[in-house]
2 protein chains.
Amino acid sequence: MLHHKLINPKSIAVIGASNNIHTPGGRVLKNLIDHNFKGKLVAVNPKETTVQNIKCFKNVSEIPNVDVAIIAITAKFTLETVQVLCREKNTKGFIIFSAGFSEKDAEGKKLEQQLVVEINKVGGTLLGPNNIGLINQNYAGVFTTPIPKLDAKGVDFISGSGATAVFIIETAKQTGLTFSSVYSVGNSAQIGVEEVLQHLDETFNSKTSSKVKLLYIESIENPQKLLKHATSLIQKGCKIAAIKAGSSSAGSRAASSHTGALVSSDVAVDALFKKAGIVRCYGRNELVTIASIFMNTELTGKNIAIITHAGGPAVMLTDALSKNGLNVPIIEGKESIELLEQLYEGSSVSNPIDFLATGNANQLSTIIDYCEHKFDNIDAMVVIFGSPGLFEVYDAYNVIDEKMRTCKKPIYAVLPSVVNVINEIDDFIAKGNRCFPDEVLFGEALGTIFNTPKPLKTTHSNFKVDEIKIRKIIKNAKNGYLEPQQVQALLTASKIPIVQQVICKTKQECIAEIEKIGFPAVMKVVGPIHKSDVGGIILNITSEEKMIVSFDTIMKIKGATSVLIQPMKKGIELFVGAKKESNFGHLVLCGLGGIYIEILKDMKASLVPVSKEESKTMIQQLKSYKIIQGIRNQEGVNELLFSEIIEKISNLVTIAPEIIELDLNPLLGNSKEIMAVDARIKIEKN
Amino acid sequence: MLHHKLINPKSIAVIGASNNIHTPGGRVLKNLIDHNFKGKLVAVNPKETTVQNIKCFKNVSEIPNVDVAIIAITAKFTLETVQVLCREKNTKGFIIFSAGFSEKDAEGKKLEQQLVVEINKVGGTLLGPNNIGLINQNYAGVFTTPIPKLDAKGVDFISGSGATAVFIIETAKQTGLTFSSVYSVGNSAQIGVEEVLQHLDETFNSKTSSKVKLLYIESIENPQKLLKHATSLIQKGCKIAAIKAGSSSAGSRAASSHTGALVSSDVAVDALFKKAGIVRCYGRNELVTIASIFMNTELTGKNIAIITHAGGPAVMLTDALSKNGLNVPIIEGKESIELLEQLYEGSSVSNPIDFLATGNANQLSTIIDYCEHKFDNIDAMVVIFGSPGLFEVYDAYNVIDEKMRTCKKPIYAVLPSVVNVINEIDDFIAKGNRCFPDEVLFGEALGTIFNTPKPLKTTHSNFKVDEIKIRKIIKNAKNGYLEPQQVQALLTASKIPIVQQVICKTKQECIAEIEKIGFPAVMKVVGPIHKSDVGGIILNITSEEKMIVSFDTIMKIKGATSVLIQPMKKGIELFVGAKKESNFGHLVLCGLGGIYIEILKDMKASLVPVSKEESKTMIQQLKSYKIIQGIRNQEGVNELLFSEIIEKISNLVTIAPEIIELDLNPLLGNSKEIMAVDARIKIEKN
């Protein structure tokens, strides 16, 4: 948890304070004064006695005790300053704007670590260094502008980049989004995005805390912490939207050059966000739009009424919603006719509800009432209302404002006339509302929220695996790819069906063993990893004679040590895999095998542990799901068995985290059984 | 062509002029006066003698001759007014704001048609009715605000919706986009979007005309006209971006309710835009962003340098560009080290080029010079430069302004600080530049442009088809699905290889005919259309005995009239189809057969005529293209033969436009040959 004195200080010292408000030390003091910090302010600057009418001390050792220090001096002087504050001034909160630490070089990193050691000793909290600071309802501890409109129910925003935080705050002005707090973590020396989120989770109060959290992340250092607290907050009723920048490999390079961020696989980020229920965003405008939607009453259905006096934007919004799986249902029946009679001739109520350019505020009010009370197939309303500039539209916007406060169904205001009626829009926002200038960007954001599922239950798996056996196999195995017998033993211990197989070193063994297997059979090379690439798989062996020829062929392959014989099975090719993804832990993947995975990349991934519900959803979200269900009278795949295998693989890698790569490829499945016919497992022990 | 007097009138009458500027007739007069119309203005209003200091006549019959009439009176009075203007006042340009015409009811439609007849008689031009008017550099003939910044090199914008035009003009303020003209076509009684585009094409002057055209379309009434003039303008060096609203089926319903627009298939719209080279947009923000990019020097490569003093947006932009196939290449080598030495410690030049929050205008200038002159692997630059609010940034923006005017490589300015440095942004725009507030929306728009290919050559097909035979078959055929013999004859006449086939009504015929075919063979039912659904296809018939059993099985199917026997062929299943899409003409489609087309919907479509180049591109853009190329040592499909079949189908439907549906499904292909093994053709003669 962040120290409570950092959050709500009784006194703040600005170290490096200045009368020059074009410097960080000058501007932060101005911000603190202008935004009514109610506690005691002191300044430190060797050259001044007062700064901006605040008493100024030559040296930090001269100041009275302070709860928070905001430090805006050259990096090399920060350590001694922090030491004095920690040891002599009982300071617990530290915000260090200064650059020149770990983002610069090894020496800077060392200095940064020394600061952390010092602050840790007294149980203090450090934001930064190399950040823009902290804004909350108690104080504006940043050196940047603008200070956003603050509001206890506004969003809590945590940013891994100071400049980006500024630009996001600037973007937010357009929709009227307000903030409860803004945390800039800079180099995250002690406190990163994850730790602030933990703090927000641990101090969450369902009555007083903001329900919307926004994150801008360049590097996820502690995925499990992020997952834990995001999940917890969402379970408490919060909504979280986040940008994880660096989603492309080129983008990750950019992230590395910026903050020394590590590359983390984007698939793992997606899986983490999905597991927690975080809505993933890719840009500032999108983040702010989604946050502004979050501030509204929650959308509980997919049926949207579009209410407008201008047809074009309604058509474009309908397109955007439909593409995202939302619905603009036809409105019909007695009550729709009743409504139509109250509108001007030429209006349409079939949805979009178009009450024409001449439509007035009273009609708007009536339409909203019908959508709220009479049209049962409507879950939410979007009102698009601009102006050609002929007259003021305060009356219409006042109707929207009033209805947004009184209706149970969510109402979203798209106000496109950002030139003609900017005063009305400002007034609408000043009343505490949010609005959207572009219907399509709004529609896409609503779609993104709609398509981010609520986190699934993560019930504990019921499958009992032979943990002792699994640990024993791993203990005895060497690093690298396991032998076929080890693979078979691990899968068997995990209750994963694998096609019966025998391994033979001689023709005599083959002849002796084939009875167990029966014809037709498949023979595979043992030794080389990529069997099919070296011609090491022979299918449909129907006689002893063919078996012997096949044996000779396979044993000629370079690296062949023996052959593996299996019965020839039929079914749809499936794929299940697992991969350890650095600090995220394991991902389990599933899909159809063959070209589906190789060419079409149709697969879904989840972070371990994968619950029953998650594994089922993974399967159902595959593009090729219809093939699993069975198309055109073709037999499909038993979904329950498929999902169980995913769950069992999740159990296996949990017990054997040394597994860094695992492929069941293919499994062959039909409506009755699924069996692994080929498997590879690679382990790495420390 | 639009009458030249409408474009450049010497005199304008406002019918329904008013002193009340909150009415259309009042506001349009104010706009004309405020925006310096240089010709003569007269007003008509039975109650006034002067309106806004302009001489006012009681009746239109009293006014002197005028080139243009702008009419803002009740619909029912428009016809007599237009008659007087046409017959007595030599008026050639008509803008009718009034509503209550075809968009209202049948009576309104009749009145609208009478207006057109009247205006046609004198060779005049009508914009509207039910529109907002026309703005060009000669006059501001609209009743709406804002009047955008006008500029001969700004965009020409044609809108099918007046309100949407207003909102787009308002959106354009943000980027600094300027306009050369704005045409609102309203109900398109005489002149629609297509006709205005034709006018812009036919009057295009490479020295004086704007090179950027924007369209907002709700209904494409004349696709071939749109295609012709868009293609022509693009060949003359123009760029065109367009929204076709109503792309979803729900959206089309919305379009219908709005302007009585007809549903036109969205696939056909895509195909038309692709053929012409129009960049398709889906929202106002996107349209304006793309137009603002168009106004810049053309991007000729895919390698982008990102230059910034704030890392976060650079990372997000890198992600957005990479996802869209653009490249943010690593910059390295001697010259990059040289550049790095001129920047502050901690900067990065590896791309993104991050010259830190402390970076200054001189450094920015140096970086741009290096990208322009020394980094050969860079085709364009994006400068992201905001401000935390500490000081003004005129110096940096002046550098960007100067470099945009002097550099050969395109430079795009992303200026995110729309609050902190709005004055600097306004100044930058006032100098004639465009900028972008959000790097990701910019990046996506640049990607959309990059991914819209230039129109392909439409060389005339070299394949000689037997036109006489084709016409004879069609002449003798009845409406509906053709008989198998007719299908075979049509394909043969079109030089499309089809598997040999015989049709037999008795077992004896089967026995007699099988010699031509040989075993293994396939037997299919003749009669039912969906053969496989009724069990009407039996594969792999290897003997006379099996053939006779199969015959009995198939002839028991309801509706079976005979059987069709073909040799059993192997190969990859392909699909080629054609469909007549209302007024767009024919579309030809291609893809892989089976689940690829049915489940994965992996297909490409082109408007007929499909050239050699287009058909090749269609194949190469399939998601499953790698399978056609041949994967993992599997034999692929001969692409040339595949593309020739597409071209031949295009030829066939050109000669036989009565074909409304055609399916070659499947064709079986390998590296040597491709043959249709099943085909359906449906015709409809008027």
| Using a 1.4 angstrom probe and counting only protein chains, how large is the accessible area of A:HIS309 in Å², to 10? | 20 Å²
| query | Sorted from shortest, what are the nm distances separating the label point of B:ALA512 from equivalent points in the other copies, each placed 7 Å from Cα along Cα to C-beta? | reply | 6.5
| field | Loop GluC sites (Glu not before Pro), region A:549-636 (other Cβ atoms within 10 Å of the site Cβ: 15 or fewer; DSSP) | value | A:GLU635
| Sorted by packing (mean other beta-carbon atoms within 10 Å per residue), highest first, where do A:229-240, A:110-121 land? | A:229-240, A:110-121
| field | Inter-part distance where region B:1-67 and region B:518-554 are each reduced to a Cα centre, Å | value | 79 Å
| note | Computed over all unlike Cα pairs, the Kirkwood hydrodynamic radius of chain A in Å stands at 29.2 Å
| field | Accessible-area composition of the protein assembly as shown, carbon plus sulfur, in percent [1.4 Å probe] | value | 51 percent
| said: Rolling a 1.4 Å sphere over the protein heavy atoms, what is the accessible area per residue of chain A, to the nearest Å²? | reply: 40 Å²
| Size of electric dipole in region B:4-136: Cβ of Lys, Arg +1 and of Asp, Glu -1, about Cα centre, debye, nearest 20 | 320 debye
| query | Under the rule of -39500 (n - 2.57) per DSSP H run of 4 or more residues, summed and divided by the residues of chain A, what mean residue ellipticity at 222 nm is obtained, to the nearest 500 deg cm²/dmol? | reply | -11000 deg cm²/dmol
| remark: With one decimal in nm and the nearest listed first, the spacings from B:LYS601 to its own position in the other copies, using label points 7 Å along Cα-to-Cβ, are 2.0
| query | In a solvent-free Debye calculation with one equal scatterer on each Cα, what is log10 I(q)/I(0) for region B:515-601 at q = 0.10, 0.14, 0.20, 0.25 Å⁻¹, listed in the order of the q values? | reply | -0.36, -0.65, -0.99, -1.15
| said: Please list, in order along region B:137-150, the HN-Hα scalar couplings obtained from phi with the Karplus expression 6.51 cos²θ - 1.76 cosθ + 1.60 (θ = phi - 60°), rounded to whole Hz, x for Gly and Pro. | reply: 6, 8, 6, 9, x, 10, 9, 10, 10, x, 7, x, 5, 9
| query | Once you put a point 7 Å from the Cα of B:LYS558 and another 7 Å from the Cα of B:GLU673, both along the Cβ direction, what distance in nm separates them? | reply | 3.8 nm
| request: Pop out a list of residues from region B:305-344 that are at least 10 Å² less accessible with all the protein chains around than in their chain alone; 1.4 Å probe, no ligands or nucleic acids counted. | output: B:ALA310, B:GLY311, B:GLY312, B:PRO313, B:VAL315, B:MET316, B:THR318, B:ASP319, B:SER322, B:LYS323, B:VAL328, B:ILE330
| Total accessible area lost when B and A pair, probe 1.4 Å, Å² to nearest 100 | 6400 Å²
| request: Name the residue farthest towards the positive end of the dipole of the protein assembly as shown from the options A:LEU600, B:GLN629, A:CYS86, assuming +1 on Cβ of Lys and Arg, -1 on Cβ of Asp and Glu, about the Cα centre. | output: B:GLN629
| said: Taking beta carbons within 10 Å but only from partner chains, what does the mean come to for residues A:414-423? | reply: 4
| message | Below 15 Å, Cα to Cα, which aspartates and glutamates can B:LYS682 reach? Residues fewer than 8 away in the same chain don't count. | response | B:GLU483, B:GLU581, B:GLU658, B:GLU661, B:ASP663
| task | May I ask for log10 I(q)/I(0) of region B:324-450 at q = 0.20, 0.21 Å⁻¹, from a Debye sum over the Cα atoms as equal point scatterers with solvent left out? | result | -1.28, -1.39
| List A:VAL193, B:VAL534, ordered by accessible area with a 1.4 Å probe, largest first | B:VAL534, A:VAL193
| request: Note down the nm distance, to one decimal, between modelled labels 7 Å out along Cα→Cβ at A:ASP376 and at B:GLU62. | output: 6.2 nm
| note | Most packed first (mean Cβ within 10 Å per residue), the peptides A:560-570, A:665-675 order as A:665-675, A:560-570
| field | 16 Å Cα-Cα reach of B:LYS211 towards aspartates and glutamates, excluding residues that sit fewer than 8 places from it in its own chain | value | B:ASP151, B:ASP156, B:ASP201, B:GLU202, B:GLU298
| task | Send over the semi-axes of region A:148-294's equivalent ellipsoid, whole angstrom and largest first, taken as the square roots of 5 times the C-alpha gyration tensor eigenvalues. | result | 22, 18, 14
| Just for the Cα atoms in region B:572-683, what are the lengths along the principal axes, largest first, rounded to whole Å? | 44, 25, 24
| said: So the label point sits 7 Å from Cα along the Cα-to-Cβ vector; using that for A:SER543, what distances do you get to the other copies, in nanometres, sorted shortest first? | reply: 1.8
| said: With the cut-off at 26 Å, tell me which of the pairs B:LYS323/B:LYS626; A:LYS239/A:LYS616; A:LYS92/A:LYS173; B:LYS236/B:LYS623 have Cα atoms farther apart than that. | reply: A:LYS92/A:LYS173; B:LYS236/B:LYS623
| Built amide H within the under 5 Å cut-off of A:ASP379, gap 5+ | A:ASN303, A:ILE304, A:ALA305
| said: For peptide A:279-289, what's the mean number of Cβ atoms from other chains within 10 Å of each residue's Cβ? | reply: 4
| request: Let me know the charge dipole size of the protein assembly as shown about its Cα centre in debye, to the nearest 20, where only the beta-carbon of Lys, Arg (+1) and Asp, Glu (-1) is charged. | output: 1200 debye
| To the nearest 10 square angstrom, how much accessible area does A:GLU80 have with a 1.4 angstrom probe? | 110 Å²
| field | Probe 1.4 Å - accessible area at B:ASP602, Å² to nearest ten | value | 10 Å²
| Say R0 is 30 Å: what FRET efficiency, to the nearest 0.05, do B:VAL117 and B:LYS207 get from their beta-carbon distance? | 0.20
| Among the aspartates and glutamates, which fall within straight-line cross-link reach of A:LYS104, defined as a Cα-Cα distance under 16 Å, with same-chain neighbours fewer than 8 residues apart omitted? | A:GLU112, B:GLU341, B:GLU345, B:ASP354
| Nearest-ten-degree value, helix B:78-88 long axis tilted from longest Cα axis of chain B | 70 degrees
| field | Span from the region A:496-515 Cα centroid across to the region B:102-124 one, whole angstrom | value | 87 Å
| query | Hey, got the dipole for region A:572-683? About the Cα centre, +1 on K and R Cβ, -1 on D and E Cβ, debye to the nearest 20? | reply | 200 debye
| field | At most 15 other Cβ within 10 Å, DSSP loop - GluC sites (Glu not before Pro), region A:381-435 | value | A:GLU392
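Restrict the search to region B:127-227; then list the trypsin sites (Lys or Arg not before Pro) that DSSP places in a loop and that have at most 16 other Cβ atoms within 10 Å of their Cβ.
Details: sites: B:LYS149, B:LYS153, B:LYS173, B:LYS207, B:LYS211, B:LYS213, B:LYS225; in loops: B:LYS149, B:LYS207, B:LYS211.
Here the sparse-neighbourhood loop sites are B:LYS149, B:LYS207.
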| Given q = 0.23 Å⁻¹, what are the Debye log10 I(q)/I(0) values for region B:369-423, with equal point scatterers placed on the Cα positions and solvent ignored? | -0.88
| Tell me, which residues of region B:12-28 get at least 20 Å² less accessible area when the other protein chains come in, versus the chain alone (1.4 Å probe)? | B:HIS22, B:ARG27
| Peptide-level mean, for A:272-278, of C-beta atoms on other protein chains within 10 Å | 0
| Crossing angle, helix B:162-175 versus chain B [Cα axis fit, 0-90 degrees, rounded to tens] | 70 degrees
| query | Classify the protein assembly as shown: rounded, prolate or oblate, from the alpha-carbon gyration tensor (a ≥ b ≥ c, eigenvalue square roots; a/c under 1.5 rounded; otherwise prolate if a/b is larger than b/c)? | reply | oblate
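The values are calculated or read from the model by the stated rules, or taken from the named source; none is laboratory data. Everything quoted here is computed from the prediction, not taken from an experiment. FYI the Cβ positions are ideal-geometry reconstructions off the backbone, even for glycines, and counts take in every protein chain you see. These accessible areas exclude ligands, DNA and RNA; they are computed on the full protein's heavy atoms, side chains included. Shrake-Rupley method; radii C 1.70, N 1.55, O 1.52, S 1.80 Å.
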